[in-house]
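Beneath this line is the structure, given in C-alpha cells, with notes to follow.
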Amino acid sequence: MKPTGLAGRIALVTGAANGIGAEVVRALLNEGARVAALDHDAEGLAALAAELAEAQETAFGEASLRMEPVDVRCSDCVERVIDSVEQTWGPIELGVNVAGVLALGTVVETDDDAWRQVFAVNADGVFHVCRALARRMVPRKRGSIVTVGSNAAGVPRHGMAAYAASKAAATMFMRCLGLELAGSGIRCNIVAPGSTRTRMQEAMWTSEAQSIEGSLATYRTGIPLGRIAEPGNVADAVIFLLSDQASHITMAELYVDGGATLRA
C-alpha cells in the first residue's frame with residue numbers, strides 16, 4: 001500500500017478535545033505526525049493530553065503533541081496560536097476543522113442568538129482557521145486542509161435548519177477555497193458524516209434504533225448499513241484525504257454516513 005506521507009508533518013486540529021476531533025488527533029499521531037490540538041474546552045484537552053501521554057509517550061514523546069485552548073470564533077486568537085505553532089515547531093502542512101456546535105429547533109423557534117452562535121463556530125470558525133493556514137501555505141506551495149462537515153449540508157433536516165445551513169456554508173466555502181488554492185498545490189476537501197457516536201449527536205437522538213431505522217414523521221431516511229458510525233470511521237476518511245494517497249483529490253465531499261443520504 002502507498003504510504004500516507006504524514007509522518008513527521010505538522011498538523012493542526014480544531015474541536016480536538018473529544019469525539020471526532022480527538023479521534024483525528026489519535027490517528028494523526030499513529031501516522032507519526034506532530035499535532036497541535038485546539039479546542040475551547042481546556043479541561044477536555046487536558047484529559048486527552050493525559051490519556052495520550054500515558055498511552056503513547058514512548059512512541060511519540062512530548063514534542064509530538066501540544067494542546068492549545070482557543071475559541072475559533074476569534075480570528076485574532078486563531079492567528080496567534082498558528083503563529084506560535086509555526087514559530088516553535090515549523091510550518092503547518094495539515095489542517096483539520098472539526099469544531100462544531102448543534103442547535104435544534106424549527107425555524108420559527110430559532111432565535112437570533114442561536115442562529116448566530118451556530119454560524120460563528122461552524123462557518124466563521126472554519127473561515128478563520130482556513131484563511132490563517134492558507135496565508136501561510138500559499139507561499140510554501142504545499143498543504144492539505146480537511147473540514148468535517150455533515151450530510152445535513154446536502155439533505156434537508158427537520159428542526160436542524162441552522163446547523164444544516166452552517167454546514168452547507170462551510171462546505172461551499174471549502175470548495176471555493178480549494179479552487180483558489182489549487183494552483184499553489186494545496187488541496188481542500190470535506191468529510192460529511194451522518195449519525196456518529198459523539199456527545200453532540202447522542203444529545204439529539206430519541207434512540208439509537210430510530211436513528212438507524214429513520215423517521216417518517218421527520219422525513220428522515222434510515223442508515224442502509226444498519227449501524228451508527230464511530231468517530232474512528234470519520235477519522236479514517238480525514239486521514240485518507242490529508243494523505244499522499246489522495247494527492248489528486250481536491251474540492252471533494254466524502255460522505256461517511258452508511259448510505260443514509262442515498263447519494264454519492
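Quick check on the stretch 27-42: of everything there that is open to solvent by 10 Å² or more (accessible area, probe 1.4 Å) and in contact with an Asp or Glu (Cβ under 9 Å, 6 or more places away or on another chain), which residue is farthest from Phe240 (Cα to Cα)?
So the first thing to find is which residues in the stretch 27-42 are open to solvent by 10 Å² or more (accessible area, probe 1.4 Å), and the list is 27, 30-32, 34, 39-42.
If we keep only those that are in contact with an Asp or Glu (Cβ under 9 Å, 6 or more places away or on another chain) as well, we get 27, 39-40.
On the way: Ala27: 11, Asp39: 23, His40: 26 Å.
The extreme case among them is His40.
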Are any residues in the stretch 65-107 in contact with a Leu (Cβ under 8 Å, 6 or more places away or on another chain), open to solvent by 40 Å² or more (accessible area, probe 1.4 Å) and more than 19 Å from Glu23 (Cβ to Cβ), and if so, which ones? Pro69
Scan the stretch 89-117 and report the pairs whose first residue is at positive phi and whose second residue is open to solvent by 40 Å² or more (accessible area, probe 1.4 Å) and in a loop (DSSP other than H, G, I, E, B), with Cβ atoms within less than 9 Å and a gap of 6+ or a chain change. Gly105/Asp111
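Taking the stretch 119-154 on its own, how many of its residues are part of a loop (DSSP other than H, G, I, E, B) and buried (at least 24 other Cβ atoms within 10 Å of the Cβ)? Before the answer, list the steps.
So the first thing to find is which residues in the stretch 119-154 are part of a loop (DSSP other than H, G, I, E, B), and the list is 141-142, 149-150, 154.
Then keep just the ones that are buried (at least 24 other Cβ atoms within 10 Å of the Cβ); that gives 149-150.
So the count comes out to 2.
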The number of residues in the stretch 227-236 that are surrounded by fewer than 21 Cβ atoms within 10 Å (Cβ to Cβ) and out of contact with any Ser or Thr (no Cβ under 9 Å at 6 or more places or on another chain) is 3
Only one of Arg157, Arg116 that is of a type outside the set (Gly, Ala, Ser) and open to solvent by 70 Å² or more (accessible area, probe 1.4 Å): Arg116
Has the stretch 245-257 got any residue that is open to solvent by less than 70 Å² (accessible area, probe 1.4 Å) and either free of Cβ contacts under 8 Å to residues at least 60 places away in the same chain or in a helix (DSSP H, G or I) (or both)? yes
Between residues in the stretch 3-18 that are without any contact (Cβ under 8 Å) to a residue 60 or more places away in the chain and surrounded by 24 or more Cβ atoms within 10 Å (Cβ to Cβ) and residues that are acidic (Asp, Glu) and part of a loop (DSSP other than H, G, I, E, B), which pairs lie under 8 Å by C-beta distance while being six or more apart or on different chains? Ala17/Asp41
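Give the residue, chosen from Ala182, Ala169, Ala162, that is under 20 Å from the mean Cα position of the chain (by Cα) and surrounded by fewer than 19 Cβ atoms within 10 Å (Cβ to Cβ). Outline the logic, then answer.
Working: Ala182 fails: under 20 Å from the mean Cα position of the chain (by Cα); Ala162 fails: surrounded by fewer than 19 Cβ atoms within 10 Å (Cβ to Cβ).
Going through Ala182, Ala169, Ala162 in turn, just one is under 20 Å from the mean Cα position of the chain (by Cα) and surrounded by fewer than 19 Cβ atoms within 10 Å (Cβ to Cβ): Ala169.
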Could you grab the pairs with beta carbons closer than 7 Å, sequence gap of 6+ or different chains, first residue in the stretch 133-157 and more than 13 Å from Glu180 (Cα to Cα) and free of Cβ contacts under 8 Å to residues at least 40 places away in the same chain, second one part of a helix (DSSP H, G or I) and acidic (Asp, Glu)? none
The stretch 207-231, residues that are part of a helix (DSSP H, G or I), touching a Lys or Arg at 6+ places or on another chain (Cβ under 9 Å) and not polar (S, T, N, Q): Glu208, Ile212, Pro231
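The values are calculated or read from the model by the stated rules, or taken from the named source; none is laboratory data. Since we're looking at a predicted model, the values are computed, not measured. Methodologically, a virtual Cβ is constructed for each residue, glycine included, from the backbone with ideal geometry; neighbour enumeration extends over all protein chains shown. All accessible areas refer to the heavy atoms of the entire protein, side chains included, with ligands and DNA or RNA removed. Shrake-Rupley method; radii C 1.70, N 1.55, O 1.52, S 1.80 Å.
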